[in-house]
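The values are calculated or read from the model by the stated rules, or taken from the named source; none is laboratory data. Computed from a predicted structure; not experimentally measured. All Cβ positions, even for glycine, are placed from backbone atoms using ideal geometry, and neighbour counts span all protein chains on display.
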Amino acid sequence: MDALRPFEHSLGLAAALFFTYFILLQIRERMIWSLRTRGRPLPPGPRPLPIIGNLLDMPSLRQWLGFRDLCSKHGEIVYLDILGKPVLIVGSVRAATEILEKRSANTSDRTPSHLLPLIGNDIAFSVMRYGQWWRDHRRAFWQVFHPGQLSRYHDVERGLAHELLARLLESPQDSKQHLRFILSAISMKVLYGLDANRAENGELIGMAQEALRCTTDLATRTHPVDVVPFIRHFPGWVPGAGFQYALAKCKAAVIHLKEVPFAKVKAAYDKGQYQHCAIAALLSRMQALGGQDNVGDTYQEDVIKNAGLAAFEGADTTFYSLLGLFLAVSQFPEAQAKAHAELDRVVGPDRLPDFGDSKELVYINALIKEALRWHVVLPLALPHRTVEDDVYDGYFIPAGTMILPNTWAMLHDPEVYDSPDEFRPERFIRNGRLHTTARDGSAFSFGYGRRVCPGRYYADDLLYITVASALHVFRFEPPLDERGQPVKIELRQSHGLVSYPEDYRCTIKPRSAEAAKLVLNAQVASEDR
């Protein structure tokens, strides 16, 4: 027993030293934290548990609803600790304006994704980290989609909007497929000068729609890689890792969409046989600079390819916005009747709406703004991330904090919008003119600060010509039940980063025989051009 005493003494001493070291380490960490925060508290939020933090406080479905409730309880900003990672929920227009708009130099970063590289979509500049690589992409995109450039695309948008009307007239039951095809066709023509109806482009438009389908499918649910990142390294044959095959197929479609249409434009451009399009304009600019920007052609071509991919994928949010809008006008006939009356007064029965009518079609533009508010395609926007420590209203926000702006809650705030679940375009009209205020937050439909969507004006044009044209000639009505009675459909948004109406059924009919004839005549005129 005496022989064991030195060992016991050494073990006790080691334990004491370890305990002392642990205490000193904790004191050191607290001192560093105190100096870093200068005594400021973290934003309010539910009390975290050891190790997992607030993981159990995270809503599992339709997170914007759960986050709204957390903000109602704790305040306009809520801090969560998710497995040691800081997350800030922003639940008011005031906080979003201050944190994401006025401080955008510090809050414009993105959180790295484990999933996107597996599908080739980390090249989309909407999810790129904040820095020069992102700035070069945004600059290229803005050069071809700023307001001064948009009239160049009006003929394409108008012509294909008329084709949509003809397709809806022929087979209204396939409205979703028609809408997705036409929006893809507009993107293909505007970006690459390629006609989606030509046989040689059939495979390309099919691959493009496959890329949009699979990336949107991933964005509307939580993927295992997001939950357990290390499984991204497992080969597909490992049990439970079969998702790798689906991701590989998706990546092939995304890369195809990035490379193939660009190669067609580049080959035509080099021969001087290209049509005017956004990608050709960027190639022309690259050639004019001739290395003055101190980067090589390979770098610039990669930027142009990625900008084209981002623009194509951005059209998918327009698709879901239109699904929500058509559902809204079918369920709120008073709004549709007012839209019809305005179109009849401004445009008349002998032609279809054009871009020149926009200023007089105040109700139509208000209806579009209300649709973006009523059905929010990106309820939590795209997550932002702080670059450095920050302070808001006396609360300390650490560097590396993921920021989730609850756009849905801001656009459904009953203190700003009376009866927010009702569809009322009149909210955005004052004294006969389109009216918005900084307090209503309607601009947040397109993002925040330096990460606001640079294609928002192009999207506005696309929404306008599609909605005005469709409402001028069609009536959208609720579907009928087995007794022939209209079905009341409540807006129920799908779960996920990108959200769409889970039930968007409606019946589409021409307003009159004259309206149907107007559609057919417009289609004939378009084919003759």
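Only one residue in Phe326, Phe312, Phe332, Phe319 is aromatic (Phe, Trp, Tyr), over 30 Å from Arg511 (Cα atoms) and surrounded by 15 or more Cβ atoms within 10 Å (Cβ to Cβ). Which one?
Just a single option satisfies the conditions, and that option is Phe312.
Show the residue pairs that are 6+ apart or on different chains and have beta-carbon atoms under 7 Å apart, the first residue being within the stretch 489-507 and over 13 Å from Val377 (Cβ atoms), the second being among the acidic types (Asp, Glu).
That search, which allows pairs on different chains as well, returns Ile489/Asp503; Arg492/Glu502; Arg492/Asp503; Cys506/Glu477; Thr507/Glu477.
State whether the residues of the stretch 341-348 include one that is surrounded by 16 or more Cβ atoms within 10 Å (Cβ to Cβ) and without any contact (Cβ under 8 Å) to a residue 24 or more places away in the chain.
Yes, that holds for at least one residue.
Out of everything in the stretch 332-356 that is among the charged types (D, E, K, R) and over 28 Å from the mean Cα position of the chain (by Cα), what residue ends up being farthest from Gly447 (Cα to Cα)?
So, considering only residues that are among the charged types (D, E, K, R) and over 28 Å from the mean Cα position of the chain (by Cα), the one farthest from Gly447 (Cα to Cα) is Asp350.
Which of the residues belonging to the stretch 134-151 are surrounded by fewer than 15 Cβ atoms within 10 Å (Cβ to Cβ) and either assigned to a helix (DSSP H, G or I) or acidic (Asp, Glu) (or both)?
Arg135, Arg139, Trp142, Pro147, Gly148, Ser151
Condition first: within 17 Å of the chain's Cα centre (by Cα), assigned to a loop (DSSP other than H, G, I, E, B) and of a type outside the set (Gly, Ala, Ser). Can you find one or more residues in the stretch 77-86 that meet it?
no
Return the only residue of Ala328, Ala311, Ala335, Ala341 being under 23 Å from Ala516 (Cα atoms), among the aliphatic types (A, V, I, L, M) and in contact with a Leu (Cβ under 7 Å, 6 or more places away or on another chain).
On inspection, the qualifying residue turns out to be Ala335.
Whether any residue in the stretch 58-81 is surrounded by fewer than 16 Cβ atoms within 10 Å (Cβ to Cβ), without any contact (Cβ under 8 Å) to a residue 60 or more places away in the chain and touching a strand residue (DSSP E or B) at 6+ places or on another chain (Cβ under 8 Å) is what I want to check.
yes
Looking only at the stretch 152-163, how many residues end up being loosely packed, with under 15 Cβ neighbours inside 10 Å and not charged (D, E, K, R)?
Looking only at that region, the number is 1.
Being closer than 17 Å to His154 by Cβ and β-branched (Val, Ile, Thr) is the filter here; which residues of the stretch 342-367 pass it?
Val347, Ile364
Return the residues of the stretch 179-200 that are surrounded by fewer than 20 Cβ atoms within 10 Å (Cβ to Cβ) and either among the basic types (Lys, Arg) or modelled with pLDDT of 95 or more (or both); say none if nothing qualifies.
Within the stretch 179-200, Arg180, Arg198 meet the criteria.
Just the residues that are without any contact (Cβ under 8 Å) to a residue 40 or more places away in the chain and within 24 Å of Asp316 (Cβ to Cβ), please, taken from the stretch 413-446.
Matches in the stretch 413-446: Ala443, Phe446.
If a residue must be more than 18 Å from Asp81 (Cβ to Cβ), of a type in the set (Gly, Ala, Ser) and surrounded by 14 or more Cβ atoms within 10 Å (Cβ to Cβ), how many such residues does the stretch 384-425 contain?
1
For (1) at pLDDT 95 or above; (2) farther than 18 Å from Ala328 by Cβ, each residue gets a yes or a no:
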residue	(1), (2)
His435	no, yes
Ser445	no, no
Phe476	yes, no
Arg505	no, no
Ala522	no, yes
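Take the conditions modelled with pLDDT of 85 or more and either under 20 Å from Tyr395 (Cβ atoms) or of a type in the set (S, T, N, Q) (or both) and apply them to Gly91. Does it pass?
When the stated conditions are applied, Gly91 passes them.
On the basis of being in a loop (DSSP other than H, G, I, E, B) and over 30 Å from Arg38 (Cα atoms), does Asp344 make the cut?
no
Restricting the search to the stretch 156-181, which residues are under 16 Å from Ala522 (Cα atoms) and without any contact (Cβ under 8 Å) to a residue 60 or more places away in the chain?
Scanning the stretch 156-181 gives Val156, Leu160, Arg167, Glu170.
So which residues in the stretch 299-332 are under 25 Å from Pro420 (Cβ atoms) and either among the basic types (Lys, Arg) or free of Cβ contacts under 8 Å to residues at least 24 places away in the same chain (or both), if there are any at all?
none
May I ask you to list the residues in the stretch 455-467 that are out of contact with any Asp or Glu (no Cβ under 7 Å at 6 or more places or on another chain) and assigned to a helix (DSSP H, G or I)?
Passing the criteria: Arg456, Tyr457, Tyr458, Ala459, Asp460, Leu463, Tyr464, Thr466, Val467.
(1) modelled with pLDDT under 95; (2) in a loop (DSSP other than H, G, I, E, B): which one isn't true of Phe423, the others all being true?
That leaves (1) as the condition not met.
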